[in-house]
1. Among the GluC sites (Glu not before Pro) in the range 127-224, which ones are in a DSSP loop with at most 10 other Cβ atoms within 10 Å of the Cβ? Mind listing them?
2. Which residue, Pro268, Val242, Thr252, has the largest displacement toward the positive end of the dipole of the range 225-307 when charges sit on each Cβ (Lys, Arg +1; Asp, Glu -1)?
3. When the gyration tensor of the range 157-212 is built from Cα positions, what are the square roots of 5 times its three eigenvalues, in whole Å, from largest to smallest?
4. Could you give the Stokes-Einstein D for the range 96-160 in µm² per second, using the C-alpha Kirkwood radius, 25 °C, 0.890 mPa s?
5. Along the three principal axes, how long is the range 122-196 when you take its alpha carbons, biggest first, rounded to the nearest angstrom?
6. Suppose every Lys and Arg Cβ carries +1 and every Asp and Glu Cβ carries -1, with no other charges. What dipole size does the range 148-192 come out with about its Cα centre, to the nearest 20 debye?
7. Wrap a convex hull around the Cα atoms of the range 30-186, take a quarter of its surface area, and give that in square nanometres.
8. Positive end of the dipole of the range 44-95, charges at C-beta (+1 Lys, Arg; -1 Asp, Glu), about the Cα centre: which of Gly61, Ala48, Asn76 has its Cα farthest in that direction?
Amino acid sequence: MKHLTLAALGLALLLASCAPAAQKHTATLLAMDTVMELTAYGPEGEGALDEAQALIQELEGLMSATDPDSQITALNQGQTVTLSPPVRELLAQALELCGATDGALDITIYPVVRAWGFPNEQYQVPDPTALAQLLERVDYAQVTLSGDALTLPEGMELDLGAVAKGYAGDRVMELFHQAGVTCAYINLGGNVQTLGASPDGDPWRIGIQDPEGSSYLAVVEVTDQAVVTSGMYQRYFEQDGVRYGHILDPDTGYPADSALSSVTIVSPSGTLADGLSTALFVLGREGAEALWRSRDDFDFVLVGQDGTVTISEGIEDGFSLQGAGTDYALEVVRR
């Protein structure tokens, strides 16, 4: 078997030309199963980074499905929990996304994820009969959130892994803003989020990795945006010569087979970008385009297994194929 860690790959390149006079403060931490890099500019940046690290660790302690002391673990064990405001807020946003994607994102898929061995890296292909039984427990529509209480049917388990880093990014950006930071970027293990423009006043230039190699294939220019990528190349295992990726289709319980190699979402909301990067990978190109046409709060970059890169028109002016991307054909989807 072969395993590639999420921390090692993903949306890993951040390209920016920064004014040398700007005060740059950086911090690195290990949280949410990945290496996170935080950068803030200006005199307020140093103190804000300390607060941001504490915030991220607090959120992980509340939301991790693998932390025995988290509120999510308590819910999964059938305990009655008074939800903390961050957990309640993220659950509400996540359930809304589950509905908006018609279940392509489903936060109740954790029993199936565990059956594949992804949380503890004990990889295996589940028995089809057992997998079918586990799929009966997957249905976000059966989860009821009312105030600070959540009702979870017996045998159902939650996993916020598809949205937790995005939510953490949103909260960090709020913290930076309140602290007076006006220029910052963070890379939460492939979830890049920016505050303002780069120190020289230009947009941040974010590199999107080539899913077929270690170099990058494109650059997207953003200001005050989150840029989040999902792809099977980020975490997978091989068994009997077959590669199995970590993005599971809630309908089948098997790795999504959508003819896409990666999906990148650009949005002001890190939570939305995080959840949609997974959902659109499951939906495939046609479903992704349909969802995009029904909303106005995100743009996308779809890297197809056929060697085509498809982008939505909202990022066309700030997008360019570079590096390995020169071998791809570019298509622009318009409304």
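The values are calculated or read from the model by the stated rules, or taken from the named source; none is laboratory data. Predicted, not measured: the structure shown is a model, and the values here were computed from it. Neighbour counts are summed over all protein chains in view; Cβ atoms, including those assigned to glycine, are modelled from backbone coordinates with ideal geometry. For accessibility, only protein heavy atoms count, side chains too; no ligands or nucleic acids. Shrake-Rupley method; radii C 1.70, N 1.55, O 1.52, S 1.80 Å.
1. Counting only loop positions with at most 10 other Cβ atoms within 10 Å, the GluC sites (Glu not before Pro) in the range 127-224 are Glu136, Glu154.
2. Checked the options; the winner is Pro268.
3. Taking √(5λ) for each eigenvalue gives 23, 19, 5 Å, largest first.
4. Details: Rh = 12.7 Å.
Estimated diffusion coefficient is 193 µm²/s.
5. Sorted from largest, the Cα extents of the range 122-196 read 54, 35, 17 Å.
6. It comes to approximately 320 debye.
7. Values: hull surface 40.4 nm².
Over every viewing direction, the Cα hull of the range 30-186 projects on average to 10.1 nm².
8. Asn76
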